[in-house]
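Report on the following structure.
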Amino acid sequence: MGLLERLRKELIDIIEWLDHTRDTLVWRFPRYRNEIKNGAQLIVRPGQMAIFVHRGEIADVFEPGNYKLTADNLPILSTLQGWKYGFESPFKSEVYFVNTRQITELKWGTPNPIMLRDPEFGPIRLRAFGVYALKASDPKALLKELVGTDDSFEADEMLELMRGIINNAFADVLGSSQIAALDLASNYTEMSEKLRKAVIERVDDEYGLDIPQLNIVNISLPEEVEKALDTRSSMGVIGDMNRFQQYQMGQAMTAAAENPAGGGAAEGMGLGMGFAMAGKMMQGFPGGQGAAPGAAGMAPPPLAPSYHVAVNGQATGPFSMDQIGAAIAAGQITPQTLVWSAGMANWMPAGQVAHLAGQFGPPPPPIPS
């Protein structure tokens, strides 16, 4: 191979970037020791821009298109080279391709909780995460401030910087919004747009970047606060707690009655729940537990006797007459159940106590054969 042929092979005649990646922002054309040939072709594809850098100084910038490099379309570089008699000799220059397409599916999140004074809960901690898209808006600023002399600059190299900028902007937007924590979810769209504009103000002029999209995916409360909210929501769904307790007691009594394997323990549990059920049912009725006190100047009515009930050989109670009556109606107390009240010498069957005997109906007739 002759010397002339070797020199020709050292000259670059086509400058282009076939980008096979999705997240490369800037790529430097690998010129090495080669010189750019006079009249070489520059191919800038859609979504790209080409920047010529001569001796550390940005020279010419090319939009998408196909160019033949001559002194006519390299005016700044021609001046820097000092060509007085036209563009005849090869030249050396670094060529950077800048990706101007959107780089999507980039994620951001708050590494530490953000403190917020909520009007309903007081001081609380919030976390948030979302996604955004990045795009080069000013290739010159991007090349000066971030790329430097790197031969390739990926979007991953911007992640930590962008997370910090987004988190600071998010804290400002969250604090100025004055939105209650429970209403944040309904304002994601509005807050996302405010956050996007706040981030653009910080990266556009300084780094030559644009944020075409930025979305808040979720703002979460601490786990213990979420559990408390779940409990509060459950109580709201239940509604009247007294009626709910009455329903639960009735269900438990039915389950105990239908469980013959429960034996004496089940009977005792059912009897105790029956007494509690009676107490709940009698609240609010005249003379029952929780009734309003008598009118001023009137003597309160005499107290009705209360009874202890023997359950599995153990004394339970005391229980009011209303509770005893409800337990008799439910079949929890029979005429043979032993009871005792103040003034009685010994335990007696309930059917033999004057105050209680009248609450037991006549025994059923014998079943016909």
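Throughout, read-outs are computed from the coordinates displayed, never taken from laboratory work. Predicted model, so just to flag it, every value in this text is computed and none were measured. Cβ atoms come from the backbone with ideal geometry, glycine included; neighbour counts cover every protein chain shown.
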Inset, instruction - Could you go through segment 159-174 in sequence order and give the Karplus-derived ³J(HN,Hα) for each residue, using 6.51 cos²θ - 1.76 cosθ + 1.60 with θ = phi - 60°, rounded to whole Hz, and x for Gly and Pro? - result: 4, 5, 4, 5, 4, x, 5, 5, 5, 5, 5, 5, 4, 5, 5, 5
Inset, instruction - Quickly work out the ASN187-to-GLU63 label distance, labels modelled 7 Å from Cα along the C-beta direction, and quote it in nm with one decimal. - result: 4.2
Legend entry - Hits among aspartates and glutamates - C-alpha to C-alpha of LYS68 under 16 Å, sequence gap 8 or more where chains match: ASP13, GLU16, GLU35, ASP60, GLU88
Inset, instruction - Give, as ranges by residue number, the residues of segment 172-188 whose backbone N falls under 16 Å from the point 7 Å along Cα→Cβ of GLU120. - result: 178-188
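Which loop-located GluC sites (Glu not before Pro) does segment 84-161 contain, where loop means any DSSP state but H, G, I, E or B and the Cβ has at most 16 other Cβ atoms within 10 Å?
Details: sites: GLU88, GLU94, GLU105, GLU120, GLU145, GLU154, GLU157, GLU160; in loops: GLU88, GLU120.
Of the GluC sites (Glu not before Pro), the ones in loops of segment 84-161 whose Cβ has at most 16 other Cβ atoms within 10 Å are GLU88, GLU120.
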Inset, instruction - Please sort by residue number the trypsin sites (Lys or Arg not before Pro) in segment 92-139 whose DSSP state is loop and whose Cβ has at most 13 other Cβ atoms within 10 Å. - result: LYS92
Legend entry - Amide H contacts of LEU106 (H built 1.01 Å from N, under 5 Å, at least 5 apart or other chain): TYR132
Legend entry - Pairs of lysines in segment 103-226 (C-alpha under 22 Å apart; 8 or more residues apart or interchain): 7
Inset, instruction - Could you pull out every residue, at least 5 positions away or on a different chain, whose amide H is within less than 5 Å of the one on ALA40? Hs are placed 1.01 Å off N in the peptide plane, and Pro or chain starts have none. - result: LEU69
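Would you kindly state how much longer the chain becomes between GLU154 and ALA329 on full extension, computed as 0.36 nm times their sequence separation minus their alpha carbon distance, in nm to one decimal?
Values: separation 175, 0.36 × 175 = 63.00 nm, distance 8.11 nm.
Full extension of this stretch gives 54.9 nm more.
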Legend entry - Separation in nanometres of the label points that stand 7 Å from Cα toward Cβ, at LYS140 and GLN336: 10.6
Inset, instruction - Taking H placed 1.01 Å from N in the peptide plane, check which residues at least 5 places from PHE319 or on another chain put their amide H under 5 Å from its amide H. - result: TYR307, HIS308
Inset, instruction - Mind jotting down the distance between the C-alpha centroids of segment 134-203 and segment 333-369, whole Å? - result: 81
